[in-house]
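Sending over a structure as structure tokens; questions will come in a sec.
Nothing in this text is a laboratory measurement; each read-out follows from the coordinates by a stated rule. Since the model is a prediction, treat every value here as computed from it, not as a measurement. Here the Cβ positions follow ideal geometry from the backbone for every residue, glycine too, while neighbour counts run over all protein chains shown.
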């Protein structure tokens with residue numbers, strides 16, 4: 001299934017779209033809100049696993065929530081995040097990925113292959129275990145298992 005396109009600002013106000021990741025593996029994860037315990041755990045685990053994830057075909061990690069750019073900037077800096085987080089204040093991208101719930105994003109993740117196709121989806125993930133799960137599945141998807 002083709003991944004829905006998006007065009008959203010990052011924590012610094014720079015725009016990103018799906019085509020920016022063409023030819024790369026992309027781990028696109030949706031989370032409810034900056035500075036909450038589960039979201040912080042998930043973000044920090046992705047931060048800590050970032051080098052391993054990047055070693056798997058140059059995979060990129062991108063987080064998306066409803067929070068505005070200024071909130072993302074503070075969250076990104078406070079936890080020294082080493083990946084991009086995007087602001088979807090209109091909820092359009094979250095809805096396109098079936099990741100908008102009642103008042104906030106659902107904790108969902110999609111692995112998108114270099115052709116722009118969703119090859120794995122996770123609905124309602126466990127924040128403390130998810131980064132390790134992504135590494136295992138990226139290895140399997142890339143034939144390195």
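Taking the simple approach of a point 7 Å from Cα along Cα-to-Cβ for both residue 139 and residue 54, what is their distance in nm?
The modelled label-to-label distance comes out at 2.0 nm.
Determine the percent antiparallel among the DSSP beta bridges restricted to segment 23-141, to the nearest 5. Provide the component values of the computation, followed by the final result.
Numbers: 10 of 19 bridges.
Of all bridge pairs located within segment 23-141, approximately 55 percent are antiparallel.
By its C-alpha gyration tensor, with a ≥ b ≥ c as the square roots of the eigenvalues, how is the chain shaped: rounded for a/c under 1.5, else prolate for a/b larger than b/c, else oblate?
Values: a/c = 1.44, a/b = 1.24, b/c = 1.15.
Note, shape of the chain comes out rounded.
Could I ask something else about it? So, in nm, how far is label residue 82 from label residue 126 when the simple model puts each one 7 Å beyond its Cα toward the Cβ?
With each label point 7 Å from Cα toward Cβ, the separation is 2.6 nm.
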